[in-house]
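Written out below as structure tokens is the structure these notes cover.
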Amino acid sequence: MKNISRTFLVILFLSSVVYMSCKEDTTSSPASLCDQSCQDENTAYGLVHLYNFIWNQNFAGQPVGNHDITVNGPQGGTMHITGNTDNSNGINTVHLVFDMTNCKGSDENYILTFTGILNIDGTFTQTQTTMAFISSSLKYQGTVGKNANVPVNATCEFIVNETTSHLSGSICGRSFSYK
């Protein structure tokens, strides 16, 4: 009986090792794993991620009021930013317009270049975020998906709503929701 139990455990162990070594690696997103919804979610994420980078580099801790500046994109291109910011009572209020020309950003989920005018309105604190990113015609091109490998290229309307833990809206008329 002991030998049968030991044999069973050895077979079970070897079967698990073989199964785990044959399991498909899903750490990347080939086109078949990143459908249109996935592409739109990662494009929206890329746009908000780019905004956060620009905010942290150019506005965080800076004086509030009216702004009219031109800055470089994180990995190329330029952005002319106009509008105003306020942080009365510890609440950051943003009313900005980003006029982007080949503004490029990337991380493991996207490598994107944006061109066009983006209106940004909303409020945020250390714990709460409610932002809207709207463009009637924003050009985006590059790649998206885990390890950024699915090509995207379009010019269309963007409506991206960000809350503390959620992105939703529409890109080119297609709805998306991303947590």
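The values are calculated or read from the model by the stated rules, or taken from the named source; none is laboratory data. Everything numeric in this text was worked out from a predicted model, so none of it was measured. Neighbour counts are summed over all protein chains in view; Cβ atoms, including those assigned to glycine, are modelled from backbone coordinates with ideal geometry. Ligands, DNA and RNA are excluded from the accessible area calculation, which covers all protein heavy atoms including side chains. Shrake-Rupley method; radii C 1.70, N 1.55, O 1.52, S 1.80 Å.
This table checks each residue for (1) touching a Pro at 6+ places or on another chain (Cβ under 6 Å); (2) surrounded by fewer than 22 Cβ atoms within 10 Å (Cβ to Cβ); (3) at pLDDT below 95.
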{"residue": "L47", "(1), (2), (3)": "no, no, no"}
{"residue": "G61", "(1), (2), (3)": "no, yes, yes"}
{"residue": "V64", "(1), (2), (3)": "no, yes, yes"}
{"residue": "V71", "(1), (2), (3)": "no, yes, no"}
{"residue": "T78", "(1), (2), (3)": "no, yes, no"}
(message) Can you go through N147, N153 and tell me which one is open to solvent by 70 Å² or more (accessible area, probe 1.4 Å) and under 14 Å from the mean Cα position of the chain (by Cα)?
(response) N147
(message) Of the residues N109, N89, only one is open to solvent by 40 Å² or more (accessible area, probe 1.4 Å) and either more than 21 Å from S170 (Cβ to Cβ) or out of contact with any His (no Cβ under 6 Å at 6 or more places or on another chain) (or both); which?
(response) N89
(request) Please list, ordered by first then second residue, the pairs with beta carbon atoms under 6 Å, 6 or more apart or interchain, first in region 109-133 and touching a residue at least 24 places away in the same chain (Cβ under 8 Å) and in a loop (DSSP other than H, G, I, E, B), second open to solvent by 40 Å² or more (accessible area, probe 1.4 Å) and among the hydrophobic types (A, V, I, L, M, F, W, C). (result) T125/I91
(request) Go through region 94-105 and give me each residue that's on the phi < 0 side of the Ramachandran plot and open to solvent by 40 Å² or more (accessible area, probe 1.4 Å). (result) H95, V97, D99, T101, K104
